[in-house]
Amino acid sequence: MQEFYFALLGDEVKLPLYITGVGATDPERRCSRPTGHVYNHVIYTARGEGVLTIDGVKHKIPKGSGFFIPAYYPHDYGCQDGGSWETHWITFSGSCSELILKSLGLDRPLVFKSCDMMNLEKLWERMLKTIHSPNINSGYSNSSNLYSFLVELNRLISCPASPRENHRMEQLKVIIDYFDKNYSQDISLNDLSRIVNLSPQYICRIFRECMNMRPFEHLTKKRLYEAKNLLLDTSLSISDISKAVGYNDCSYFCSVFKRQENVSPAEYRLLYAERQLIREEREAAKKSQEDKGDS
């Protein structure tokens, strides 16, 4: 398959991220760029195998793998002699692309591998379909698609889905499910270790490698998420909410909440109550205008 589209750029160039091209190339031919490409780009193998040479090192790129190259970074790629290589690719830029890429760990050339490229492929197909759409806002839609694509790529890089990693993700899911059901209880790392039958060191390692956080950072996020729901949806006191989400010390709960949310629980409740009141007043005014128009 040989199919590619280059974006007709307008106001999209003002966006933090925008697509400049999407395509499939079969067969992929030799491409040598001593000064790099003018845009950032991601290429992955749909069929066959290619070879990327970057910084003097050769990398095989079989199906289930690909690479990211920042703009203006020298590189060379092509298929093996006598072989065939079909690639799917995107090129992109944006006013905040450098900052976004850095935050996603994509501020340098990167070769990635995964047993499960399905989500990445679906997003690529969506971008390909959108870029040749006659819709005048297709560039804006693809900016959103591009961000989702890069986040999915970050997920694959952070925790690649090899059989071993899939097993670790299953172990991680058991722990997260336990947190979700027992966040209101007092949980220690040793207790958790006994319950899920994994060593404390191993639990910490898989959280760090797969989620880039410690296990109790995740538990804190879960507890604060539930606390925010209780603050907005109930009239429970701050002390009762603290106990309901696993903090016996209300002062400590308030300290953790403020450190994460930059406001105290009471301020959070007041702030969003005011916003909810304003929203309800606007909706009531809008409905009143609609009713007058119908009469």
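The values are calculated or read from the model by the stated rules, or taken from the named source; none is laboratory data. A quick note: this is a predicted structure, and the numbers were derived from the prediction, not measured. Every residue, glycine as well, gets a Cβ built from its backbone with ideal geometry; the counts of neighbours run over all protein chains shown.
Scanning region 79-126 for residues that are in a helix (DSSP H, G or I) and more than 20 Å from Ser65 (Cβ to Cβ) gives Ser97, Glu98, Leu99, Ile100, Lys102, Ser103, Arg126.
Of the residues making up region 120-151, just one is in contact with a strand residue (DSSP E or B) (Cβ under 8 Å, 6 or more places away or on another chain), of a type in the set (Gly, Ala, Ser) and modelled with pLDDT under 90, namely Gly139. Being within 23 Å of Ser143 (Cβ to Cβ) and of a type in the set (Ser, Thr, Tyr) holds for only one residue in Ser97, Ser65, Ser32, and it is Ser97. Selection of region 113-129 for residues being in contact (Cβ under 8 Å) with a residue 60 or more places away in the chain and either touching a helix residue (DSSP H, G or I) at 6+ places or on another chain (Cβ under 8 Å) or of a type in the set (S, T, N, Q) (or both) yields Met117, Leu120, Trp124, Met127.
Of all the numbered requirements in (1) part of a strand (DSSP E or B); (2) surrounded by fewer than 16 Cβ atoms within 10 Å (Cβ to Cβ), Leu9 misses one, and that requirement is (1).
Which ones in region 106-135 are of a type in the set (Ser, Thr, Tyr) and buried (at least 16 other Cβ atoms within 10 Å of the Cβ)?
Result: Ser114, Thr130.
Restricting region 175-194 to residues that are surrounded by 11 or more Cβ atoms within 10 Å (Cβ to Cβ) and touching a residue at least 40 places away in the same chain (Cβ under 8 Å), the residue that is farthest from Ile206 (Cα to Cα) is Ser184. Restricted to region 197-295, the set of helices (runs of 4 or more DSSP H) holding at least 1 residues that are aromatic (Phe, Trp, Tyr) comprises 200-211, 215-233, 250-261, 265-294. Inspect all residues belonging to region 56-77 and state whether any of them is of a type in the set (Gly, Ala, Ser) and assigned to a strand (DSSP E or B). Scanning region 56-77, I find at least one residue that is of a type in the set (Gly, Ala, Ser) and assigned to a strand (DSSP E or B), so the answer is yes.
Of the listed requirements (1) without any contact (Cβ under 8 Å) to a residue 24 or more places away in the chain; (2) surrounded by 12 or more Cβ atoms within 10 Å (Cβ to Cβ), Gly66 misses just one: (1). Of the candidates Ser158, Ser103, Ser138, Ser143, the single residue that is in contact (Cβ under 8 Å) with a residue 24 or more places away in the chain and either buried (at least 20 other Cβ atoms within 10 Å of the Cβ) or under 23 Å from Val38 (Cα atoms) (or both) is Ser143.
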